[in-house]
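The values are calculated or read from the model by the stated rules, or taken from the named source; none is laboratory data. Source: prediction; values computed, not measured. Methodologically, a virtual Cβ is constructed for each residue, glycine included, from the backbone with ideal geometry; neighbour enumeration extends over all protein chains shown.
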Amino acid sequence: MVLHRVFNALGNLPLRLSFWTEVALGALVACIPFGLSLIMAPNHRSPYLLSYPAVILSAWVLGLSGAIACAVVSGCAIEYFIFATHHINLAPDSSGWFFRESVFIVGSIFVGSLTRIAAREREEAKTVKLEHELTLSRTESYLAQEHARASELARENQVRIEMALDGANAGVWEWDIQSNHEIWSTGFYRLHGIDPSLQAGNELWRRSVHPDDVDQAERELELAVQRKDSCYTEYRVVLPDGTIRWIACQGVTQLDDAGEVRGITGYCGDVTRRRLTDQALLRTEKLAVAGRLSAAIAHEINNPLNAAMGLLFLLKDSGLSQEQTQYVEETGQQLERVVEITRQTLQMSRSTSKFIAVKPAELVSATMRLLSPKLHLAKIAFDTETEGNAEVLGSPGELQQVFTNLINNSIEAMPQGGRLRARVRPSCHWKERTLRGVRITIADSGCGMPAAVYRHMLEPFFTTKEETGTGLGMWVVSELLAKHHGDLNIRSSMRPAHHGTTCSIFIPFVRSQA
């Protein structure tokens, strides 16, 4: 390989020699100047041998041409200043100056070529190293830029996620069961009223939850881990200012390669408004029932009271003594008080709401918007379809209460999520085809209900939710619809392929509609 480069440097010859051939030729070439120098006497060889370092240095710095020039000049200087000027006696068998000069120049060319090749290889190696370092530096710079760009995109995505969670008033949480390590988002801290600088942990969460709800929430998490399934729970948190906030929390278990639960990931949201709405609706239903019951009692009491008042009036003219007359008058005064109380009760029980022109389509859309957070949290897809915008006479508040009750029932019938559809369109009565009005249909893909429940669902105080139900919701719906001269038709199925409940409400037009 070295000889190949020498020949290329000298004559640019395209040689293709084997390794051992190059070794043999290299040894032969090395022996030529050495053998030629042996012809000269020892005292003649020394000056030329001492000049080789200068030739090598010239070849390293100036190249092969500089080495040849150095050899020529050195040879002439040796011949002139050492041999010619000092008249050194030569051996009888020694050659002349031309021979010595030729041997030295040939050796110098050989040594200079090797030196130049070594210098070039070192320069090439240095160049390759510099190029490698430059490439490595560029690669590191590129990777640093990409890492910075990826970090910036990650920060931007994190900001977007935080903004979305803030807009939805929700938070994200993660619990690693194996290491018992928890991660909370900023929204989670905010919803629970916890300082974000504190380390997330179970004890910190327990301190924020209402004491009456901690055990139930933890029980739901434990059941999810045991079933390797999702969990859903609602609990109250006590904020630092003493305010109570309702939180809905849902999570999904994460399994490892062995199929074991390694953690739970979930989100939570503020459902205080929905809870307050449900409580207000429950209070309204109770008040409505209490009002109707008191009205019925007052009505039943009023008739006997009027008869008793008539009998007391007759007793006054029956020749009673003064003391007896005084008793009768006093009894009459007390009965008059009872009559007044019943009259006031009847007046209070009568509805004071005025019927006005309302648009059921707008009321249904407003109710869906009101309950949309609850629908989203329950993973229920919903949509509203309206045809026209017909008007009927009615009470907006009472009709919205009807729609709210029906939609809430549909949500409770789909604990694992589902689909809810509401449709409002002009139609005719399903029995009296000549009676025109507006039909509101609310259909869900819930579990349906058995015939036994369907037969009694409109009865007051009948409920399938023993702990939370009052049994008044559907009864209030039927009473309010009767007040609006409307009808309610319910169909339900529990078949695996087609399950769900459809509620159809018909409210007639009072006047002709175009």
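Every residue in the range 174-197 that is surrounded by fewer than 13 Cβ atoms within 10 Å (Cβ to Cβ) and in contact with a helix residue (DSSP H, G or I) (Cβ under 6 Å, 6 or more places away or on another chain), please.
P196
Can you name the condition, by its number, that A119 falls short on among (1) hydrophobic (A, V, I, L, M, F, W, C); (2) assigned to a helix (DSSP H, G or I); (3) modelled with pLDDT of 75 or more?
Among (1) hydrophobic (A, V, I, L, M, F, W, C); (2) assigned to a helix (DSSP H, G or I); (3) modelled with pLDDT of 75 or more, A119 violates only (3).
With respect to V237, determine if the residue is touching a strand residue (DSSP E or B) at 6+ places or on another chain (Cβ under 9 Å), aliphatic (A, V, I, L, M), farther than 17 Å from R206 by Cβ and modelled with pLDDT of 85 or more.
Criteria not met by V237.
When both residues are 6+ apart or on different chains and their Cβ atoms are under 9 Å apart, which pairs have a first residue that lies in the range 307-331 and is free of Cβ contacts under 8 Å to residues at least 60 places away in the same chain, and a second that is part of a helix (DSSP H, G or I) and of a type in the set (K, R)?
T325/K316; V328/K316; E329/K316
Restricting to the range 207-226, count the residues that are touching a residue at least 12 places away in the same chain (Cβ under 8 Å) and either loosely packed, with under 12 Cβ neighbours inside 10 Å or hydroxyl-bearing (S, T, Y) (or both).
Qualifying residue count for the region: 2.
At pLDDT 90 or above, touching a Phe, Trp or Tyr at 6+ places or on another chain (Cβ under 8 Å) and buried (at least 18 other Cβ atoms within 10 Å of the Cβ): does that describe L406?
So L406 fails the test.
For the range 193-231, which residues satisfy the criterion of being touching a Gly at 6+ places or on another chain (Cβ under 8 Å) and in a helix (DSSP H, G or I)?
S208, L221, A224
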